[in-house]
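See structure below.
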Amino acid sequence: MTTKMTTNTNLGEKTKQRVLVIAPGRGCYNKEELGYLRTHHHDKVELVEGIDAYRDLLKQASIKQLDSAEKYSFKLHTAGENASALIYACAMADFMDIDTDKYEVVAVTGNSMGWYIALACAGALNSDAAIDVINTMGSMMQNGLIGGQLIYPEMDKEWRLDKAKTVLIDSAIEQVNTEEGCEVYTSILLGGYRIFAGNEAGLKRLEVVLPNIDERYPMRLYNHGAFHSPLLDNVSKRGLEGLPASLFNLPKVPLIDGEGRIWTPQSTDTDKLRRYTLGAQVTETYDFTKAVQVAVKEFAPDKVIVLGPGNTLGGPIAQALINIGWFGWQEKNHFSLSQEESPELLAMGNELQRQQVLKQ
């Protein structure tokens, strides 16, 4: 299915392209992204200083210093309280750089932690509220991770959902959960991947039960807790207790959440938005695949823009769209050829694609 729409304009005005904006999650600030803020956003002084003023009150390292470090440190840069603020700053700064004369943002969504960033991009959280929510939720496990995460492919070589792998994965989860002391859950449905959350015993057993693929999967995600699972019930409760309803506003553009629900400027109940964000969004499966598919079906964007840092979401977004034939993509090769000829997926973490998004 291919759908193209353009914004109606008066004669003499440039026609804008409709875009869906997608914010990345925790796994996008890696060694290659060190210096992203310094390189691309040295002009975003107010944004960075606002975040660092907030963090200074909490005796946390400044994101300016973290981003400007001489060497990348897994321990330092992937710690929740640091990674969340760094990624928010990079992604929000990218959002601010989108050429709004060329593009009309018709909807926003995000992957996992990217949901908080999406709230900020859509205006449901102002700048002060956004860093409060993101830093608070990102710091919940600074005294010790609760559980962990694994990632495993659920697709074939052409990036289409593989039903046999789905059955295998569901069976493995069921088997592991019957074993004493083991807990595993589906954390994120990420295009062609399944991300699992669980306790240490459960993840260790899942690593044994799932067949090894390419000597790479199942793969542990370093410094990740058991996000989007019942293991974070206490994190959710603390978030609800510490982050008041007054932080949340009506979004200025539609938001699509991890259940595929649409929050519009006209109909959003901000109390329900808060309860979802700090409740079910924390403790239940985040269906990023569904969020992307609902977004393109409902808002028919001409292009999809993925905020930086990094470009880890490009594949999962393409996989989600291949499975509904969007943009005419039927398999991995169709997507690759399309991207070479006239890219519909623009990742701001990719320097060439970034140039197509920025004001010239």
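The values are calculated or read from the model by the stated rules, or taken from the named source; none is laboratory data. In this text, all values refer to a predicted model and were calculated from it rather than measured experimentally. We place every Cβ from the backbone using ideal geometry, glycine too, and count neighbours over all the protein chains shown. The protein model used for the area step is the full one, side chains on, heavy atoms only, and it has no ligands, DNA or RNA in it. Shrake-Rupley method; radii C 1.70, N 1.55, O 1.52, S 1.80 Å.
A single entry from Thr285, Thr289 fulfils the requirement of being open to solvent by 10 Å² or more (accessible area, probe 1.4 Å), within 14 Å of the chain's Cα centre (by Cα) and farther than 21 Å from Val21 by Cα: Thr285.
Restricting Ser236, Ser267 to those that are open to solvent by less than 20 Å² (accessible area, probe 1.4 Å) and either closer than 22 Å to Tyr116 by Cβ or charged (D, E, K, R) (or both) reduces the list to Ser236. Checked across the range 213-224, the condition of being of a type in the set (A, V, I, L, M, F, W, C) and closer than 30 Å to Tyr54 by Cβ holds for at least one residue.
Listed here are the residues, each with its yes/no results for (1) touching a helix residue (DSSP H, G or I) at 6+ places or on another chain (Cβ under 8 Å); (2) in a helix (DSSP H, G or I).
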site	(1), (2)
Gly123	no, no
Thr136	yes, yes
Asn143	no, no
Ile146	yes, no
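Give the residues of the range 171-189 that are open to solvent by 70 Å² or more (accessible area, probe 1.4 Å), in a helix (DSSP H, G or I) and free of Cβ contacts under 8 Å to residues at least 24 places away in the same chain, sorted by residue number. Correct list: Glu174 only. Considering (1) in a helix (DSSP H, G or I); (2) surrounded by fewer than 24 Cβ atoms within 10 Å (Cβ to Cβ), the lone condition that Tyr152 does not fulfil carries the number (1). Within the bounds of the range 54-69, is there any residue that is touching an Asp or Glu at 6+ places or on another chain (Cβ under 7 Å), of a type in the set (A, V, I, L, M) and either in a helix (DSSP H, G or I) or surrounded by 13 or more Cβ atoms within 10 Å (Cβ to Cβ) (or both)? Yes; the residues of the range 54-69 include at least one that is touching an Asp or Glu at 6+ places or on another chain (Cβ under 7 Å), of a type in the set (A, V, I, L, M) and either in a helix (DSSP H, G or I) or surrounded by 13 or more Cβ atoms within 10 Å (Cβ to Cβ) (or both).
For every residue, the table says whether it meets (1) under 25 Å from Ile151 (Cβ atoms); (2) surrounded by fewer than 17 Cβ atoms within 10 Å (Cβ to Cβ); (3) touching a residue at least 12 places away in the same chain (Cβ under 8 Å).
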| position | (1), (2), (3) |
| --- | --- |
| Pro211 | yes, yes, yes |
| Arg220 | yes, yes, yes |
| Ser229 | yes, no, yes |
| Pro301 | no, no, yes |
